[in-house]
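Here is the structure we will look at, set down as structure tokens.
The values are calculated or read from the model by the stated rules, or taken from the named source; none is laboratory data. Worth saying up front: this structure is predicted, and the values here are computed from it rather than measured. Glycine also receives a Cβ, built like all others from the backbone with ideal geometry; neighbour counts cover every protein chain displayed. Just so you know, the surface numbers come from the protein's heavy atoms only, side chains and all, with ligands and any DNA or RNA stripped out. Shrake-Rupley method; radii C 1.70, N 1.55, O 1.52, S 1.80 Å.
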Amino acid sequence: MSLCVLLVEDDRELRTTLSEAMQVEGYRVLASASLADALAVLAHENDRGCGPDLVLLDLGLPDGDGEALLTALRRRSSTPVIVISARGSEPSKIRLLDSGADDYLVKPFSLAELLARMRVALRHRGTTLRPAVLQYEHRGVCVDLAQRHVARDGVEVHLTPTEFRLLARLVRSAGQVVTHRQLLLDVWGAEFTEHTHYLRLYMAQLRAKLEADSADPGLLLTEPGVGYRLVEATE
Ligand code: CA
């Protein structure tokens, strides 16, 4: 059965282009041009016992803000949501990611980039049902979370316990941006969510140990003002 995508976008041209491209990729597409219509589609699909597998959500809609749909959806499901919006400000991205959006693409974006982010989001939804991701291997770096073993080019890398927890958190979300707040919360704890300087320090240490060129990272990427992303092993 093909995966179903709910596309919420009021720009008719973009809606058509995206719908066609996704159909070519084998997705079933439900398209909505307004918040009310999207909420009705979701309610209807839920009545039939099947919701969309992924939601692409524009924010500026004629009858309200797409964020309202994200909030409504998060009350009852973990369906991945990728925000597609012309609004690229950092506070807006952070708020949406912290509200449960899985990813955020600023318009204009490339179709290839969107399809890649969709695959990542869907893969993560799948992995939440299976045992957690425990291994990562890319660009000569091997991480085995179960064995607590990290190596670069076949040579063991020694990490401090905090460096390891930070890396492990990023491995579990490989391919996805994780906000500063989320990283601080998961690695250091609730009382440290404002201490972004910890992150800068520990990311610099991780990069020095793992990147071929720590000044030009190819693995541990900065999402400026938002957070960090460990490159998906297939990127
Ligand atoms: Ca719009």
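If a residue has to be part of a helix (DSSP H, G or I), buried (at least 20 other Cβ atoms within 10 Å of the Cβ) and away from the ligand (no atom under 16 Å from the Cβ) to count, how many in the stretch 34-64 make the cut? It would help to see each step written out before you state the result.
The first filter runs over the stretch 34-64 and keeps only residues part of a helix (DSSP H, G or I), leaving 35-47.
With the extra rule that they be buried (at least 20 other Cβ atoms within 10 Å of the Cβ), the set shrinks to 35, 38, 42.
Now drop any that are not away from the ligand (no atom under 16 Å from the Cβ), which leaves 42.
Going through the stretch 34-64 one residue at a time, the tally reaches 1.
Do we have T16 as open to solvent by 20 Å² or more (accessible area, probe 1.4 Å) and within 15 Å of the ligand (Cβ to nearest atom) here?
Working: open to solvent by 20 Å² or more (accessible area, probe 1.4 Å): yes; within 15 Å of the ligand (Cβ to nearest atom): yes.
So T16 passes the test.
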How many residues, within the stretch 71-80, are among the aliphatic types (A, V, I, L, M) and buried (at least 19 other Cβ atoms within 10 Å of the Cβ)? 1
Note: among T71, T79, T17, just one is of a type in the set (V, I, T) and assigned to a loop (DSSP other than H, G, I, E, B), namely T79
For the stretch 71-92, give me each residue that is of a type in the set (A, V, I, L, M) and more than 16 Å from the ligand (Cβ to nearest atom). A72, L73
I'd like to check something: does the stretch 214-223 contain any residue that is surrounded by fewer than 17 Cβ atoms within 10 Å (Cβ to Cβ), touching a residue at least 12 places away in the same chain (Cβ under 8 Å), farther than 27 Å from V81 by Cα and among the aliphatic types (A, V, I, L, M)? no
Looking at (1) open to solvent by less than 30 Å² (accessible area, probe 1.4 Å); (2) out of contact with any Asp or Glu (no Cβ under 7 Å at 6 or more places or on another chain); (3) within 16 Å of the ligand (Cβ to nearest atom), which is the one condition that is false for V106? (1)
Regarding the stretch 91-110, can at least one residue be identified that is touching a residue at least 40 places away in the same chain (Cβ under 8 Å) and assigned to a strand (DSSP E or B)? yes
Does E156 count as outside the structural domain of A21 (by TED's automatic domain parsing), out of contact with any Phe, Trp or Tyr (no Cβ under 8 Å at 6 or more places or on another chain), exposed (fewer than 14 other Cβ atoms within 10 Å of the Cβ) and of a type in the set (D, E)? yes
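From the list V24, V83, exactly one residue is modelled with pLDDT under 90 and under 17 Å from A112 (Cα atoms). Which is it? Before the answer, list the steps.
Numbers: V83 fails: modelled with pLDDT under 90.
So the residue among V24, V83 that is modelled with pLDDT under 90 and under 17 Å from A112 (Cα atoms) is V24.
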